[in-house]
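> Got a structure here, written out as structure tokens. Questions coming.
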Amino acid sequence: MDPVPQTSPQDAPPALRRTPVQQRSAERLARILDACAGLLDETGYEQLSTRAVAVRAGVPIGSVYRFFGNKRAMVAALAHRNLDRYAERIAARFERTPLLDAHSAIDGVLDEFIAMKRSVPGFALVDFGVPGPEEGGGGVAEDPNGLVAERICGLLATHLGRTADETLRRKVLVGVETADTLVRLAFRAAPEGDPALIDETRLLLHAYLAPSLAA
């Protein structure tokens, strides 16, 4: 089976100015991101400010700017952490599943996404990408679903004994884009996600992805 490169959870997000080396610095960064996530739920992205995050985290404002140039970079780092944690949850679930097949693998990917939507602070607004376009319109366009698809494809290939070829990568990307749209619809319809819409999403993913994963 071809090796699938995966980003380590310890890799620093591109938006991070300085990678924490000491444990105290890493803990401070975690508090800043936790505060950012909590405030996103309360104020939304537009009203979020680095000063409010510093106050909530109990750190000097300079500590925030030591890691991030602006609030967009801070939220991008939170999205990066969300993706790491999502991948960790999927991998742990796969490890706990004695007879992992295509359908149970798809269920795991979808269920962990929905569970994070329901329980992780800030995730409802910022899951794996910063809301809205970058100010000024410059730079490389962000593709959070592309990053998510790459991580999921690697996990599926590893745990199902598949090769992460171009066909599988394309199928997983289409599945991620589809699930993202339908899950957003489900959570617009009901605070905890409309069960009927979630069931429809599951059926669609089973029908589309399972044949490729079982091949």
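The values are calculated or read from the model by the stated rules, or taken from the named source; none is laboratory data. Small disclaimer: the values here were computed from a predicted structure and weren't measured. Cβ coordinates were reconstructed from backbone atoms using ideal geometry, including for glycine residues, and neighbour counts include every protein chain displayed. These area figures cover heavy atoms from the full protein model, side chains too; ligands, DNA and RNA do not enter into them. Shrake-Rupley method; radii C 1.70, N 1.55, O 1.52, S 1.80 Å.
> Tell me, yes or no, whether the range 97-107 has at least one residue that is under 26 Å from Glu42 (Cα atoms), out of contact with any Lys or Arg (no Cβ under 7 Å at 6 or more places or on another chain) and at pLDDT 95 or above.
First pass over the range 97-107, keeping only residues under 26 Å from Glu42 (Cα atoms): none.
Scanning the range 97-107 turns up no residue that is under 26 Å from Glu42 (Cα atoms), out of contact with any Lys or Arg (no Cβ under 7 Å at 6 or more places or on another chain) and at pLDDT 95 or above.
> Ok, one more. If you check Leu110, Leu125, which single one turns out to be surrounded by fewer than 21 Cβ atoms within 10 Å (Cβ to Cβ), in contact (Cβ under 8 Å) with a residue 60 or more places away in the chain and in contact with a Lys or Arg (Cβ under 9 Å, 6 or more places away or on another chain)? Lay out the reasoning, then the answer.
On the way: Leu125 fails: in contact with a Lys or Arg (Cβ under 9 Å, 6 or more places away or on another chain).
Just one listed residue meets the conditions, Leu110.
> Which pairs do you get when a residue that is without any contact (Cβ under 8 Å) to a residue 60 or more places away in the chain, found in the range 195-215, comes within reach of a residue that is of a type in the set (Ser, Thr, Tyr) and surrounded by 12 or more Cβ atoms within 10 Å (Cβ to Cβ), reach meaning Cβ atoms under 8 angstrom, with the pair 6+ apart or on two chains?
Pairs that qualify, where the first residue is without any contact (Cβ under 8 Å) to a residue 60 or more places away in the chain and the partner is of a type in the set (Ser, Thr, Tyr) and surrounded by 12 or more Cβ atoms within 10 Å (Cβ to Cβ), are Leu204/Thr178; Tyr208/Thr178.
> Any residue in the range 197-209 that is within 30 Å of Gly38 (Cβ to Cβ), crowded, with 20+ Cβ neighbours inside 10 Å and within 13 Å of the chain's Cα centre (by Cα)?
No: the range 197-209 contains no residue that is within 30 Å of Gly38 (Cβ to Cβ), crowded, with 20+ Cβ neighbours inside 10 Å and within 13 Å of the chain's Cα centre (by Cα).
> If I ask for residues that are of a type outside the set (Gly, Ala, Ser) and either on the phi > 0 side of the Ramachandran plot or not in a loop (DSSP other than H, G, I, E, B) (or both), which ones from the range 114-131 would you list?
Ile114, Met116, Lys117, Arg118 - these are the residues of the range 114-131 that are of a type outside the set (Gly, Ala, Ser) and either on the phi > 0 side of the Ramachandran plot or not in a loop (DSSP other than H, G, I, E, B) (or both).
> Right, here's the next one. Just need a number here: residues in the range 143-162 that are open to solvent by less than 50 Å² (accessible area, probe 1.4 Å), touching a residue at least 60 places away in the same chain (Cβ under 8 Å) and closer than 17 Å to Ala210 by Cβ. Explain how you work it out, then say what you get.
Residues of the range 143-162 open to solvent by less than 50 Å² (accessible area, probe 1.4 Å): 144-146, 148-149, 151-157, 160, 162.
Next, from what is left, pick out any that are touching a residue at least 60 places away in the same chain (Cβ under 8 Å): 144, 148, 151-155, 157, 160, 162.
Next cut, closer than 17 Å to Ala210 by Cβ only: 152-153, 155, 157, 160, 162.
Looking only at that region, the number is 6.
> Restricting attention to the range 179-195, and to residues there that are assigned to a helix (DSSP H, G or I) and under 16 Å from Asp111 (Cβ atoms), which single residue is farthest from the chain's Cα centre (by Cα)? Give the steps one after another, and end with the answer.
First pass over the range 179-195, keeping only residues assigned to a helix (DSSP H, G or I): 179-189, 195.
Next, only the ones that are under 16 Å from Asp111 (Cβ atoms) stay: 179-180, 182-183, 186-187, 195.
On the way: Ala179: 13, Asp180: 11, Leu182: 16, Val183: 14, Ala186: 18, Phe187: 16, Pro195: 22 Å.
Across the range 179-195, the extreme among qualifying residues is Pro195.
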